[in-house]
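The values are calculated or read from the model by the stated rules, or taken from the named source; none is laboratory data. What you are looking at is a predicted structure, and each value in this text was computed from that prediction instead of being measured. Cβ coordinates were reconstructed from backbone atoms using ideal geometry, including for glycine residues, and neighbour counts include every protein chain displayed.
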Amino acid sequence: MPRNLELHPDRLFPAEPSVRAMARELYASVAGLPIVSPHGHTDPRWFAGNETFGNATELLLVPDHYVFRMLYSQGVALEDLGVRNRGVDPRAAWRLFAQA
């Protein structure tokens, strides 16, 4: 029977004791908060300028290769998502994303 993997809670913290103590304290102060990740494949200027955008497909689906590759792995054609195909209806592409 396989053993459960037990990961040490300090596994990603620095080894030096005083730095590790600070890392633990910082982590404890945010551990219960929701994850708000700025990681994405959109241009940060879109958000900094607070400008309007054409549609969600252009903003969030087409530029993010993690998203469209995941959909491609599930059999969705890249061209149907608007990747390298500007002629696709962005609402149809977004519906494909929503159905996946």
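The residues listed here are Arg3, Arg20; of these, the one that is modelled with pLDDT of 90 or more and of a type in the set (Lys, Arg) is Arg20. Meeting the requirement of 3 or more residues that are in contact (Cβ under 8 Å) with a residue 24 or more places away in the chain and surrounded by 14 or more Cβ atoms within 10 Å (Cβ to Cβ), the helices (runs of 4 or more DSSP H) wholly within the stretch 23-100 are 90-99. Restricting the search to the stretch 6-18, which residues are aliphatic (A, V, I, L, M) and under 20 Å from Ala31 (Cβ atoms)? Within the stretch 6-18, Leu7, Leu12 meet the criteria.
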